[in-house]
Amino acid sequence: LKVGNCLRNALDNNDLVVLYQPKYDLVTNDVIGAEGLVRLKDDTGEFISPLNFIEYAEESGLIYRLGEQVLEQSCIDAKKWLDAGYPKKVAVNISAKQFTGISLVDTVASILEKTKLPSRYLELEVTESALIDNFEQTIKQLQAIADMGVSLALDDFGTGYSSLSYLRLFPLDVLKIDQSFVRDMISDSQSLDIVTAIIDLANSLSLQIVAEGIETSQQRDKLQSLGCAIGQGYLLGKPMPFLEMMDVLTQAK
Ligand code: G
Ligand code: G
Ligand code: MN
Ligand code: NA
C-alpha cells in the first residue's frame with residue numbers, strides 16, 4: 001500500500017509534520033493554545049491528510065509510533081513557545097487504539113520528562129469511541145494521565161454514542177462541540193438547539209467548552225453570545241507550521 005510505505009518511511013526518518021491550529025478566547029481574542037494536527041508528506045512533498053492514513057496506522061499498529069512522534073513534536077514545540085514567553089497549551093489527538101496495547105500513560109510521562117514541558121501545557125483530545133471501548137481500562141489510564149496534570153478534552157462531542165452519565169465518570173476538562181453543529185447552526189435551528197444544549201451541559205458540569213470549525217463571523221458572534229468561551233476554525237486561524245504559529249503568538253502580544 002502506497003500510503004503505508006510513505007508512513008513507514010516518515011516514521012523511520014522522524015519526518016511527520018505537525019501543523020498547529022490556534023484556539024482563541026472568543027471574548028478577548030487572546031490565543032489560548034493550539035491543536036497539533038499531523039500531516040504526512042508524499043514523494044513530491046505534498047501533504048497527505050490524516051483522513052487517508054490514520055485508519056491504516058490503527059490497523060497496522062503503526063499508530064503507536066505515530067502517536068509517540070506527534071506527541072513528542074508537539075511537546076517540543078510547546079516548550080519552545082513557553083521558553084519564548086508564550087505559556088500556551090498544546091492539544092494532541094489520541095486514537096482509541098492508543099488506549100490498548102503499548103501504555104499511553106508511560107508514553108505521556110516519558111515524553112513530558114524528556115521534553116521538559118510542564119504537564120499543565122499539554123492537553124489530550126479523545127473521542128467518545130475511546131471512552132466506550134475498553135471502558136474500565138480507559139478510565140484508569142485517563143485518571144493516571146489527569147493525575148499527572150495533563151488536561152483531557154472530549155473531541156467531536158455530539159457525534160458519538162456516549163451516554164451523558166458516562167461524562168461524569170471520566171476526568172474530563174473540556175468538551176469540543178463538533179464542527180458539523182457549528183457549520184449548520186446559523187441555517188438550521190436544530191443544530192443551534194444542540195449547540196445551546198452542549199454549552200449549557202458543559203457549564204453545568206463545570207467543563208470548558210470549545211467550538212470547532214468556526215468559518216464565519218456570524219457563527220463566532222452567536223457562539224460568544226451563547227456563552228461559548230473558546231473557539232477554533234478557519235475564520236480565526238487555519239492549521240499552520242510551527243514558525244507561523246510562533247508569528248501568531250508574537251503578533252498577539
Ligand atoms: O486537519 P485534519 O485533516 O488534520 O484532521 C483530520 C482528522 O485527523 C481529524 O479527525 C483529526 O482529529 C485527526 N488527526 C489529526 N492529527 C492527528 C493525530 O496526530 N493523531 C490522531 N490519532 N488523529 C489525528
Ligand atoms: O477531529 P478533529 O476535531 O480533531 O479534527 C479537526 C479537523 O477539522 C482537522 O481536519 C482540521 O484541519 C479541520 N478544521 C479546522 N478548522 C476547520 C474549519 O473551520 N472548517 C473545516 N471545514 N474544517 C476545519
Ligand atoms: Mn481534535
Ligand atoms: Na473535532
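Each reported figure results from applying straightforward, stated rules to the coordinates on display, with no laboratory input. Treat the numbers as computed from the prediction; the structure is a model and nothing was measured. Every residue, glycine as well, gets a Cβ built from its backbone with ideal geometry; the counts of neighbours run over all protein chains shown.
Spatially close Lys pairs in region 2-247, defined by Cα atoms under 16 Å apart and a spacing of eight or more places or different chains, total 17. How far is the Cα center of region 227-253 from the Cα center of region 21-67, in Å? Between the Cα centre of region 227-253 and that of region 21-67, the gap is 15 Å.
The length gained by stretching the chain between Glu59 and Asp30 to full extension, at 0.36 nm per residue less their Cα-Cα distance, is 6.5 nm.
Using just its DSSP H runs of length 4 or more, each adding -39500 (n - 2.57), the chain gives a mean residue ellipticity at 222 nm of -14000 deg cm²/dmol after division by all residues.
Each label was represented as a point 7 Å from its Cα along the Cα-to-Cβ direction; for Asp83 and Leu51 these points are 3.7 nm apart. Would any residue of region 145-176 have its amide N under 11 Å from a label point 7 Å out along Cα→Cβ of Leu201? List them or say none. Once the point is set 7 Å along Cα→Cβ of Leu201, 157-168, 175-176 turn out to lie under 11 Å by backbone N, inside region 145-176.
Protection proxy ranking for 236-242, 80-86, using the average of other Cβ atoms within 10 Å per residue and placing the highest first: 236-242, 80-86. Taking 0.36 nm per residue of sequence separation and removing the Cα-Cα distance, the Ser189/Ser129 pair yields an extension gain of 18.9 nm. Within the chain, the proportion of Cα pairs with more than 25 Å between them is 44 percent. The spacing between region 1-20 and region 93-166, judged by their C-alpha centroids, is 23 Å. Considering only region 2-247, what is the antiparallel percent among its DSSP beta bridges, to the nearest 5? Given both bridge residues lie in region 2-247, the antiparallel proportion sits at roughly 40 percent. When the Cα gyration tensor is reduced to axis lengths a ≥ b ≥ c, the ratio a/c is 1.5 or higher for region 130-253, and with a/b not above b/c it is classed as oblate. Note on Val17 and Leu235: with the Förster distance fixed at 25 Å, the Cβ-Cβ geometry gives a FRET efficiency of about 0.60.
Net charge in the neighbourhood of Leu117 (other residues with Cβ under 13 Å of its Cβ; Lys, Arg +1, Asp, Glu -1) is +2. For Asn9, neighbours were defined as the other residues whose beta-carbon sits under 15 Å from its Cβ, and their charges (Lys and Arg +1, Asp and Glu -1) total 0.
With R₀ set to 25 Å, the beta-carbon distance separating Glu215 from Thr250 gives a calculated FRET efficiency near 0.50. For the chain, the relative contact order works out to 19 percent when only alpha carbon pairs closer than 8 Å and six or more residues apart are counted.
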